[in-house]
Amino acid sequence: MLSAYYYQLFVIACINVIMAVSLNLVTGCAGQLSLGHAAFMGIGAYTAAIVTLSWDVPFVLALISGSVSAAFFGLLLGLPTLRLRGDYLAIATLGFGEIIRVAILNLEITGGAFGLRGIPKETNLPIAFTSAVAVCLASKRLTKSRFGRALIAIREDEVAARAVGINSTFYKVSAFVISASCAGIAGGLFAHWFRYLNPSSFAFAESIEVLSMVVLGGIGSPEGSVMGALVLTFVPEFLRGLSSFVSQYRMLFYGALLVIMMLIRPQGLVSADASSKGLHLADIGKKGRDEDDDA
């Protein structure tokens, strides 16, 4: 019932939802700024595509292989870098993203600068939608669990969280691995929809776009990440369909619209309600330090 244009737009929206919700787990819940999320998507995309082309495995196994490979690289990156904080962590993840992009660009198995072609088209809207719903439900359950409350406590005050017995390194690395795994699923869907992969599709700009979805939707809110992904997917195409003048300068209007939206709703489209349920762990540590200061 949908035209080919809108069908593809909805598939891309589902992929963007998976990317935004997965990044929200690290940046929104754990408070760790990551600028290399697109690299995990690229790892998952190329792994799923290569597995399909080389061994002709079923599509589900290709998605699983892409997810596992992205999770493995998330573990490799998380163990040494998540001891860093703030800008230092952002720079480290940015460097990781560039390393992955350059590696893909120079490896023969990935097709190099010419890209990887001939990938079978296995992704469709029902599969993409089901995957997005599954990731969203899993993320929602995770943020409401003990694991999610520990991440929120780490985000609010890591020293206080450690004081009450939370292993911050374990939780942050685990969140990074889960986030990378979901990004790998999005990459596998991406590869088997467009049937062609190029390293430029997973560059720094893509990571910034996903981060913008999380910030616009509301940091720490899975529902907000979904809203942010949908808005940033459909608004540019909506502007394209307006008058010729708006269509010609649509990216200018697009940027101005984002600025206005953030001025009106600096907390995001959907404010996070989970933070109030996880702050008691950090509050315990803060209270203890305040009593020590008074003493």
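Scaled to the compact-protein estimate 2.2 N^0.38 Å, what is the alpha-carbon radius of gyration of segment 1-130, rounded to two decimal places?
For segment 1-130, the normalised Cα radius of gyration is 1.15.
Per DSSP helix of 4 or more residues, -39500 (n - 2.57); summed, then divided by the residues of the chain. What does that give at 222 nm, rounded to the nearest 500?
Value at 222 nm, helices only: -25000 deg cm²/dmol.
How far apart, in nm, are two points set 7 Å out from the Cα along the Cα-to-Cβ line at Leu61 and at Leu9?
My value for the distance between the label points is 3.8 nm.
Students often check this: by mean Cβ neighbours within 10 Å, which of 78-89, 207-218, 139-150, 249-260 ranks highest, and how do the rest follow?
So the peptides 78-89, 207-218, 139-150, 249-260, ranked by packing, come out 207-218, 139-150, 78-89, 249-260.
Can you tell me how much longer the chain between Asn106 and Arg265 gets when fully stretched, taken as 0.36 nm per residue apart minus their C-alpha distance, in nm with one decimal?
52.9 nm
Need one number for segment 97-247: average projected area of the convex hull over its C-alpha atoms, nm².
Dividing the Cα hull surface by four gives the mean projection, 11.7 nm².
Once you put a point 7 Å from the Cα of Ile91 and another 7 Å from the Cα of Phe129, both along the Cβ direction, what distance in nm separates them?
The answer from the label model is 4.6 nm.
Compute the FRET efficiency between Ala113 and Ala163 as 1/(1 + (r/R0)^6), taking r as their Cβ-Cβ distance and R0 = 45 Å, and round to the nearest 0.05.
Numbers: r = 51 Å, r/R0 = 1.13.
The calculated FRET efficiency here is 0.35.
No lab work stands behind these numbers, since they all come straight from the coordinates. Since the structure is predicted, the reported quantities are computational estimates derived from the model, not experimental observations. When we count neighbours, we look across all protein chains shown, and the Cβ atoms used for this are built from the backbone with ideal geometry, even at glycine.
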